[in-house]
Structure formats: C-alpha cells, structure tokens
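Structure first, then comments.
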Amino acid sequence: PPMAEAMADSAPSGDDESERRADLERRRAAVMRSAEALATGREVGALYAYEAKAPVTVPDRSAALIPIVNRNLPGEDIFLFRSSSAGTVPYRAILLRNGKDSSLELGLITLYVDGTFAGEGFLGRIDKGATTFIPYAREATMKVTVSNRSEMTEARLVRVVNGHIQVEAKRVHTRTLKIESNRDKASKVYVKVNRRGGTELQDPPKDLVKADTELYVPIDVPPHAKGETKLVEVEPIRHSETVLTGLVLDAFRLYLKGTSIDEAVAGPIRELLAINEELGELARGRNTLMEQRNLLEREAKRIRSNLDSLPLDKVANRLRKTLVDQLDANATKAALVAKSLVENEVQQAALREKQVVLIKGISLK
C-alpha cells in the first residue's frame, strides 16, 4: 500500500537534535526498505495500470496485500474535525499532498509517523496535485465551537419602476471557528465545513484546502489554549422591495453620495429619508406613550384593589374619597395618553401613505 510519513517540527537542539534526526532517518529508511514496491505503474487513459515485477504466489483460500506504490509524498500529521457540530470528536489524520507525476488509486494505506507504525486507513482516488485527509485514530483532547453571522453590505440602487425598488447588495456570511485544546503540544487542526453555494471566499485562511463543496479550514492551536479563525463567504444578491427596508435606505443614501445623480430622483429620495427619520421619532414617541399607558393601568389596578379592601364604615370614608380622587386623576391621564396614541398612529399612517406616493413617483432605469 502507499505510505505517508509526518515529522514533528519541534525538537531538542545541539547534539541531541542531530542524534534524534539521524535516528529518525534510519527508521524511515528501514520502513521504506521493508515495503519495497513489487509493481510498476503507468496511466492508461483515465485509469492506472500496474504490472508486477515478478510472479506473486497467493495460497488457496487466502488473500495477500501487495505493495504497489512506495515513494515519498509531502504530508503533515494533523487533527481533523469531520464535522463542525458541537460535541464532535476529532481524528488524528495525515494530510497527504499527491505529486504531479501520477494519480493514486483507491486502496488500503499503511501509516508511519516518524518511522513508527501508526495505523491503517483507506485511501480514495487522488488525482495529480490533489490533497486528501486520511484519519487513523480518534482524539478526545479538543472541542470545536462554531458561530455564524450574516449581514448585508454594499447596497446599490439599480432601478425604481412603478413603486418597485431593485437593489444589488452583498450578503456576507461569517463563520467563526474556535478550537479548545488540552494537549501539551501545539496542534494544527482542520475543520471540515460545507461551502455555501453561489458565494466567493473573502481573504481565505492560509493553507485552506478545497474539495468540491467542502472546505477544510486550518486552525493553529497553542498548548492548553484556544485557537480561532474566521471563514468569510460573500454572496451577491439582487433584492426587490416596495417598502423602505434597511437595505433600501442604505442604497438610497449611497445613491445620494454618487457623482452622477439625477436630481429628479434625488429630490424624492431626500424627502423619503426625511420622512423615515420623522417616522422613527414618532415610533419612539409611541413606545414612550405605551409605557405610560401600561404604568397608568397598573396604578389603576392597585387603587381599585385598595378600594375593594376598605371596610364599609365611617372611619374609612376619608381614605375611600382620597383613593377615588386618585383613580379619577389616573383616568384623566390615561385618556390623554390614549388621545396622544391615536394622534401618533394617524400621523404615522399619513407619512407612510406619503412615502408610497413618493416611491411610485420615482423613475430610475
């Protein structure tokens, strides 16, 4: 089977380091000699054909594994989260980069790390120059958390016809991946995530691995610490509205900052923005009035409760009169608040109707 090796970067210095490296090279050489390839290969169209160098005998009712590829390939011993879901457990894995000489067909693979047997895995077909991950052991010293955020940016006014407003913008999806490690050594971790369709990567992390619709995001994690990286995907969209959403307002403001604006369009837009500010003030005023109404209702309930609890005698008459006066004053205030609420709603309705007329009067193609 093909072989992959990975060597740790950190090691002692001086004579100990030289001796360690020499020992490592001896073990690697021994591994390569012990698995001498017994076949040669060549590409035949879209396939790869192997020819045995010598006859191979397989006893009856048995099977044999025959080494067919034995060459050095660049790789790393890393940690792999196959899913970004919380609670998933990572694997120790080999990140293997195939050269440009030939493809590798699927089959079993024997893994050696620093010249020592680490396990076996299964290798899918790897094209020339492709990168793959080969998990070989579970790891329980790390956990992953992922948070998602989406926002609209760069809104641009495209056209306004018959009250329909078309806006081009970018929806920016940001995934923040965090790895918490309990290992004593620094770790290189990859997290597999699904790429969003119709998006472009913005400032992708260094060493990001792409595989069709899947992305393997690299994260460097210090010993007993947390590592973090962000994956940003930008999605261009065209949005159509008949009302003033936040996106439309942003597009209107950006249009007014342009150098080639049409004053016949800019005038109504300025008025629309001014009306929107006024509606905002009215909405805040309505919220204040609603709070006052709720407070008065709670106060009225408290006063009625106190009245109900008074005894029917002359001693309580004076207190009863005081509570009745308080209830009347409360009702007067509540009536004024209710009147203000109605006036506020009428004003907002009139302004919204004015907005509709202004939008229908704008023509931008």
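Overview of values
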| quantity | calculated |
| --- | --- |
| Count of Lys pairs (Cα-Cα under 25 Å; at least 8 positions apart or interchain) in the stretch 105-203 | 9 |
| Cα-only Debye scattering, the chain: base-10 log of I(q)/I(0) at q = 0.09 Å⁻¹ | -0.79 |
| Space enclosed by the convex hull of the alpha-carbon atoms of the stretch 95-179, per residue, Å³ | 213 Å³ |
| Pairwise centroid distance, computed over Cα atoms, of the stretch 65-144 with the stretch 277-321, Å | 72 Å |
| Relative contact order of the stretch 35-193, defined on C-alpha pairs under 8 angstrom at six or more residues apart (%) | 21 percent |
| Per-residue [θ]222 nm for the chain (sum of -39500 (n - 2.57) over DSSP H runs n ≥ 4, rounded to 500) | -12500 deg cm²/dmol |
| Amide H contacts of T229 (H built 1.01 Å from N, under 5 Å, at least 5 apart or other chain) | L177 |
| Charge dipole (the stretch 305-365, unit charges on Cβ, about Cα centre) - positive-most of S340, L358, A316 | L358 |
| Over the chain, relative contact order from alpha-carbon pairs under 8 Å, at least 6 apart, % | 14 percent |
| Nearest-20 debye value, the stretch 43-158 charge dipole, Cβ charges on Lys, Arg, Asp, Glu | 240 debye |
| Total charge dipole magnitude, the stretch 112-216, about the Cα centre, Cβ charges on Lys, Arg, Asp, Glu only, Debye to nearest 20 | 280 debye |
| q = 0.12, 0.21, 0.22, 0.25 Å⁻¹: log10 I(q)/I(0) that the Debye formula gives for the stretch 299-365, counting C-alpha atoms only | -0.54, -0.87, -0.90, -1.01 |
| GNM result for the chain, Cα springs below 10 Å: residue of V315, V160, V221 fluctuating most strongly | V315 |
| Residues T116 and A29, FRET efficiency given R0 of 22 Å [Cβ-Cβ distance, rounded to 0.05] | 0.95 |
| Percentage relative contact order, the stretch 216-358, counting C-alpha pairs under 8 Å, at least six apart | 25 percent |
| Descending semi-axes in whole angstrom, ellipsoid equivalent of the stretch 226-316, from the Cα gyration tensor | 54, 24, 10 |
| Projected area, mean over directions - the stretch 112-264, Cα convex hull, nm² | 14.1 nm² |
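Here, each number is a calculation from the coordinates, and none is a lab measurement. In this text, all values refer to a predicted model and were calculated from it rather than measured experimentally. Cβ sites come from the backbone with ideal geometry, for glycine too, and all protein chains shown count toward neighbours.
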